[in-house]
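*Asks:* I have a structure I would like to understand better, so I am pasting it below and will then ask my questions one at a time.
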Amino acid sequence: RKEVEQDPGPFNVPEGATVAFNCTYSNSASQSFFWYRQDCRKEPKLLMSVYSSGNEDGRFTAQLNRASQYISLLIRDSKLSDSATYLCVAKAGGYNKLIFGAGTRLAVHP
Amino acid sequence: ETGVTQSPTHLIKTRGQQVTLRCSSQSGHNTVSWYQQALGQGPQFIFQYYREEENGRGNFPPRFSGLQFPNYSSELNVNALELDDSALYLCASNPGSINNYGYTFGSGTRLTVV
């Protein structure tokens, strides 16, 4: 079983749609969680941190449920520019390595 | 210079050869980590260096090795290249063991082994 698992998608949605991505992690010792965005053939870029209390940044909302070991990302009012791969990430270990899921592809169409 | 920079951007090598990839850390960051991202996969942790010493390693064979220099820049060396080593190699730096900090990645080196 992979340490971080995500639905690979792709999610094909029209502009303006709301889309939700889910992620589970297996290491209960994981300390911090993030969503990264990766455009085709580019490096991953930090989108937002994830907290148990929830974290909202404009159209993006991230949520962590430690009891269920579940992380979510909600994107409201999707834009064409949101098309990318979204990577769910846990930070774990004494040296805080990042553990990535395989990513969920999002394609927003007109 | 405030970002993480990597060189070269692209590289083609032949199976069995050796390669060295380079990374310049973000100013003030004393920790650097390397990741391998195969096509269609998420990045996989290779190893991490803190103040010139390796302090964490992922599930990669010994032919993957690294160095960190006093200025905190870093190298990733891969010996006896195999076709499966073809991937995007990413370097990330961070200012130390701050838990809730998301790392910043360089733009990566795309290695093709033929």
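*Asks:* Relative contact order (percent) for region A:1-105, with alpha-carbon contacts under 8 angstrom and 6 or more residues of separation?
*Replies:* On the way: 242 pairs, mean separation 38.0, N = 105.
Contact order relative to length: 36 percent.
*Asks:* In vacuo Debye scattering of region A:30-82, one point per C-alpha: log10 I(q)/I(0) at q = 0.16, 0.20, 0.21 Å⁻¹?
*Replies:* Normalising to I(0) and taking log10 leaves -0.51, -0.75, -0.81.
*Asks:* Here's a follow-up. Counting only DSSP beta bridges with both residues in chain B, tell me the antiparallel percent, nearest 5.
*Replies:* If I count the DSSP bridges inside chain B, around 90 percent turn out antiparallel.
*Asks:* Quick one: Cα convex hull volume of region B:9-66, Å³ per residue?
*Replies:* 118 Å³
*Asks:* Please give the average number of partner chain Cβ atoms lying within 10 Å of the Cβ of each residue in B:32-42, rounded to a whole number.
*Replies:* Per residue, the average neighbour count from other chains is 4.
*Asks:* Residues of chain A: accessible area per residue at 1.4 Å, in Å²?
*Replies:* 47 Å²
*Asks:* When the Karplus curve 6.51 cos²θ - 1.76 cosθ + 1.60 is applied with θ = phi - 60°, which whole-Hz ³J(HN,Hα) does each residue of region B:31-41 get, with x for Gly and Pro?
*Replies:* Calculated HN-Hα couplings, in order: 10, 10, 10, 10, 9, 10, 10, 7, 4, x, 10 Hz.
*Asks:* Sort chain B into rounded, prolate or oblate with this rule: let a ≥ b ≥ c be the square roots of the eigenvalues of the Cα gyration tensor; rounded if a/c is under 1.5, and if a/c is not under 1.5, prolate when a/b is larger than b/c, oblate otherwise.
*Replies:* Numbers: a/c = 1.70, a/b = 1.66, b/c = 1.02.
Note, shape of chain B comes out prolate.
*Asks:* Let me ask something else. What does the highest-first list of B:68-76, B:7-15 look like by mean Cβ count within 10 Å?
*Replies:* Top of the packing list down: B:68-76, B:7-15.
*Asks:* For the residue pair A:Gln69 and A:His109, what label-to-label distance in nm results when each label sits 7 Å from Cα along the Cα-to-beta-carbon direction?
*Replies:* 3.7 nm
*Asks:* Which whole number gives the average, over all residues in A:86-97, of C-beta atoms from other chains lying within 10 Å of the residue C-beta? Walk me through the intermediate numbers first.
*Replies:* On the way: counts 0, 3, 1, 4, 0, 5, 1, 4, 3, 12, 12, 11.
Average per residue, whole number: 5.
*Asks:* Now a separate question. Expected output is a single nm value to one decimal: the length gained when fully extending between B:Ser7 and B:Arg22, i.e. 0.36 nm times separation in residues minus the C-alpha distance. What is it?
*Replies:* Answer, rounded to one decimal: 4.9 nm.
*Asks:* For A:Lys91, go through the lysines and keep the ones whose alpha-carbon is under 19 Å away, minus same-chain ones fewer than eight residues off.
*Replies:* A:Lys2, A:Lys45
*Asks:* How many nm separate the modelled label positions at A:Lys2 and B:Leu39, each set 7 Å beyond the Cα in the direction of the Cβ?
*Replies:* Computed distance between label sites A:Lys2 and B:Leu39 equals 1.7 nm.
*Asks:* A further question on this structure: Treating each Cα of the protein assembly as shown as an identical point scatterer and ignoring solvent, apply the Debye formula and state log10 I(q)/I(0) at q = 0.08, 0.11, 0.13, 0.16 Å⁻¹.
*Replies:* Normalising to I(0) and taking log10 leaves -0.29, -0.54, -0.76, -1.10.
*Asks:* Pairs of Cα atoms under 8 Å, at least six residues apart: use those to get the relative contact order of chain B, whole percent.
*Replies:* It comes to 37 percent, rounded to a whole number.
*Asks:* Taking each residue of A:39-46 in turn, how many C-beta atoms of other protein chains fall within 10 Å of its C-beta, and what is the average?
*Replies:* 5
*Asks:* Can you list, by residue number, the Cys in chain A that have no neighbouring cysteine C-beta under 4.7 Å?
*Replies:* So, A:Cys40.
*Asks:* Enter the accessible area per residue of region B:1-102 (Å², integer; probe 1.4 Å; all protein chains in place). It would help to have the intermediate numbers written out before the result.
*Replies:* Details: 4970 Å² over 102 residues.
That works out to 49 Å² for each residue.
*Asks:* Still on this structure, please answer the following. Counting each pair of different Cα atoms once, what's the Kirkwood radius of chain A in Å, rounded to one decimal?
*Replies:* 14.0 Å
*Asks:* Taking 0.36 nm per residue of sequence separation and subtracting the Cα-Cα distance, how much length would be gained by fully extending the chain between B:Glu53 and B:Phe69, in nm to one decimal? Intermediate values should be presented prior to the final figure.
*Replies:* Values: separation 16, 0.36 × 16 = 5.76 nm, distance 0.94 nm.
Length gained, B:Glu53 through B:Phe69: 4.8 nm.
The values are calculated or read from the model by the stated rules, or taken from the named source; none is laboratory data. Because the structure is a prediction, the values reported are computed rather than measured. Reconstructed Cβ throughout: ideal geometry from the backbone, glycine too, with neighbour counts over all protein chains shown. We work out accessible area using only protein heavy atoms, side chains counted, and drop any ligands, DNA or RNA first. Shrake-Rupley method; radii C 1.70, N 1.55, O 1.52, S 1.80 Å.
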